[in-house]
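Chemist: The structure under discussion is supplied below as structure tokens; questions concerning it will follow.
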Amino acid sequence: MTDLPRHADVVVVGGGAIGTSIAFHLAEAGVDVCLLERDALSSGSTSRAAGGVRTQFSDPLNVAIGLRGVEAFSRFAERPGGEIDFRQVGYLFLLDEQEDVETFARSVSLQNELGVPSRLVDAAEAARLSPLAGLAGVLAATFCPLDGHAGPEAVAQGYAAGARQHGATVLTGSPATAIDVVNETVRGVVIEGGTIETETVVCAAGVWSPALARTAGVELPVEPVLREVVTTAPVAGLPDSVPLTVDFSTGFYFHREGPGLLIGMADRSQPAGFDAPTDPGWLERVTEVAARRAPRFLDMGIAHGWKGYYEVTPDHNGLVGEAVGPPRFLYATGFSGHGFMQAPAVGEIIRDLVLGREPFVDIEPLSVERFARQALRPEHNVI
Ligand SMILES: Cc1cc2nc3c(=O)[nH]c(=O)nc-3n(C[C@H](O)[C@H](O)[C@H](O)COP(=O)(O)OP(=O)(O)OC[C@H]3O[C@@H](n4cnc5c(N)ncnc54)[C@H](O)[C@@H]3O)c2cc1C
């Protein structure tokens, strides 16, 4: 059993993709870091994610962060190490409303300017790219071959193992109960049976971040919203390469998962809240959409299904920064359903904020103060 450290230069709270990536990047840079996870690594939203990794966003910050993520996932075996099953099969957004075609066309231009080889394609090409997709009523689609999917738990394990190799202490089964703040100064993180003294805390506790941040006097507007996915039983004759195909109007999506498919669909009327009930008719509605957008799904048996929380902010964009008060309380949360793919870049960014370096993008617009300033940062391409 790992001994509890009395002191760490930085304590990261949360052992999902985000917290483990932050711990890795800090430890690799020589920082004495302790990561606290109250349960098991990945036990929060990370283990529920569909694994989608993409550069196709409408916000230039998210495009840059997504591109950085793609690069990091491609080299994950060398740094930090570990097999994450990254499949660059592309993301294909099917668009059946003219307004969406126009918005996505603008996003493609932006993505191209930022070095992302996405493109607008017609329905015939979309059918070639994604042979399982039903294209009735599709006006156009966008495709980027860099995008794809990877294994969220493997990524968190890889980062945690890499962090340990660089000297980090990674503690599971270790809830942080409060941040010890005296006179607007971070003094430590309270755990069962004691306090780990520290001058710097990073809150990476996913949907549970607001409760922890409040103990430091910081308000983080993150709400839990349940999302559901299913996987099918093995299917004979599936194409090797199935792009992560999204029906943007309905939020229905699928990709290949082992010998079958993973299928999800956002219930956009799902209320926020830890106790909010989900729609018992969800699978029936998935089946209705699948009849149009993935007809072969109707012949496939369901193998598994699970639910997990999206960590949603008012503008569907992440919260990344350092609190105005207390300083040295940093946060990286609220990724609104795209936190897995953003984990590599966010780890780098938080490392740089901790060390007083310039991050590779200016993340000031992602600070929580944007809501008070009415400077929202709406991301259009969210599912
Ligand atoms: C169905 C579904 C599909 C998704 N698909 C995708 C996708 O395709 N691509 C994508 O990028 N994202 C996807 N997401 C979103 C993604 O899962 C999240 O954005 C991401 O996992 C957030 O990572 P995190 O590390 O911030 O949070 P989490 O993984 O939730 O990690 C936070 C951790 O903090 C721990 N914790 C909380 N409080 C404390 C405390 N006080 N002390 C110690 N530990 C604490 C929790 O136990 C948890 O392990 C999906 C989510 C769902 C539910």
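Where a number appears in this text, it was derived from the coordinates with a stated rule and is not lab data. Quick caveat, the model's predicted, so the values are computed rather than measured. No Cβ is skipped: glycine too gets one built from the backbone with ideal geometry, and neighbour counts run over all protein chains shown.
Chemist: At R0 = 25 Å, how high is the FRET efficiency between T287 and T103 if r is their beta carbon distance? Nearest 0.05 is fine.
Modeler: E between T287 and T103, to the nearest 0.05, is 0.30.
Chemist: From the mean inverse distance of alpha carbon pairs (Kirkwood) and the Cα radius of gyration, derive Rg over Rh for the range 2-49.
Modeler: So for the range 2-49, dividing Rg by the Kirkwood Rh gives 0.99.
Chemist: Could you tell me the ratio Rg/Rh of the range 139-188? Both radii from Cα atoms, Rh via Kirkwood.
Modeler: 1.27
Chemist: Applying the Karplus parametrisation 6.51 cos²θ - 1.76 cosθ + 1.60 with θ = phi - 60° to the phi angles of the range 99-111, what ³J(HN,Hα) value in whole Hz is obtained for each residue in order, glycine and proline being reported as x?
Modeler: Coupling constants for the range 99-111: 4, 5, 4, 5, 5, 5, 5, 5, 5, 4, 4, 4, 4 Hz.
Chemist: Here is a further query. Which distance in nm do the two modelled labels at A236 and N112 give, with both placed 7 Å along the Cα-to-Cβ direction?
Modeler: 4.4
Chemist: Counting only Cα atoms, I'd like the Rg/Rh figure for the range 77-149, Kirkwood definition for Rh.
Modeler: That ratio equals 1.07.
Chemist: Which whole number of Å³ per residue matches the convex hull of the alpha-carbon atoms in the range 268-383?
Modeler: 160
Chemist: Also, I was wondering about something else. Share of antiparallel DSSP beta bridges in the chain, in percent to the nearest 5?
Modeler: 70
Chemist: Across the Cα atoms of the range 1-86, what radius of gyration and what greatest pairwise Cα-Cα distance (Dmax) are found, in Å?
Modeler: For the range 1-86, the Cα radius of gyration and maximum Cα-Cα distance read 14.8, 46 Å.
Chemist: Along each of the three principal axes of the Cα atoms of the range 120-277, give the extent in whole Å, ordering the values from largest to smallest.
Modeler: Each principal axis gives a Cα extent; for the range 120-277 these are 63, 39, 31 Å.
Chemist: Same structure again: What is the distance in Å between the Cα centroid of the range 210-230 and that of the range 245-266?
Modeler: Each part's Cα centre sits 26 Å from the other's.
Chemist: Applying 1/(1 + (r/R0)^6) with R0 = 41 Å to the Cβ-Cβ distance of E184 and H380, what FRET efficiency is obtained, to the nearest 0.05?
Modeler: Given R0 = 41 Å and the Cβ-Cβ separation, E is 0.65.
Chemist: Name the residues whose placed amide hydrogens come within less than 5 Å of the amide hydrogen of T200, ignoring near sequence neighbours (fewer than 5 apart) on the same chain.
Modeler: Sorted by chain and number, the residues that satisfy this are V11.
Chemist: Which cross-chain or sequence-distant (5 or more) residues have an amide H under 5 Å from the amide H of V181, H modelled 1.01 Å from N in plane?
Modeler: Residues meeting the amide H criterion: R187.
Chemist: Can you work out the Karplus-derived ³J(HN,Hα) for every residue in the range 51-61? Use 6.51 cos²θ - 1.76 cosθ + 1.60 with θ = phi - 60°, whole Hz, and x for glycine or proline.
Modeler: Going residue by residue, I get x, x, 10, 8, 10, 7, 10, 9, 8, x, 5 Hz, with x marking Gly and Pro.
Chemist: Under the √(5λ) rule applied to the eigenvalues of the Cα gyration tensor, what semi-axes describe the equivalent ellipsoid of the range 27-75? Give them in Å, descending.
Modeler: Semi-axes (√(5λ), whole Å): 25, 18, 10.
Chemist: So, one more: Take every Cα pair under 8 Å in the range 136-208 that's 6+ residues apart, average their separations, divide by the length, and report that relative contact order as a whole percent.
Modeler: Answer for the range 136-208 is 15 percent.
Chemist: Say we join alpha carbon atoms closer than 10 Å with springs in a Gaussian network model of the chain; which of S174, S42, S21 then has the biggest fluctuation?
Modeler: S174
Chemist: For the chain, count the residues as N, evaluate 2.2 N^0.38 Å, and divide the Cα radius of gyration by that value, please.
Modeler: 0.97
Chemist: Using the Karplus curve 6.51 cos²θ - 1.76 cosθ + 1.60 with θ = phi - 60°, work out ³J(HN,Hα) for each residue of the range 258-268 in order, rounded to whole Hz, and write x for Gly and Pro.
Modeler: x, x, x, 10, 9, 10, x, 7, 6, 8, 6
Chemist: Right, here's the next one. With a ≥ b ≥ c the root eigenvalues of the C-alpha gyration tensor of the range 90-132, is it rounded (a/c under 1.5), prolate (a/b larger than b/c) or oblate?
Modeler: oblate
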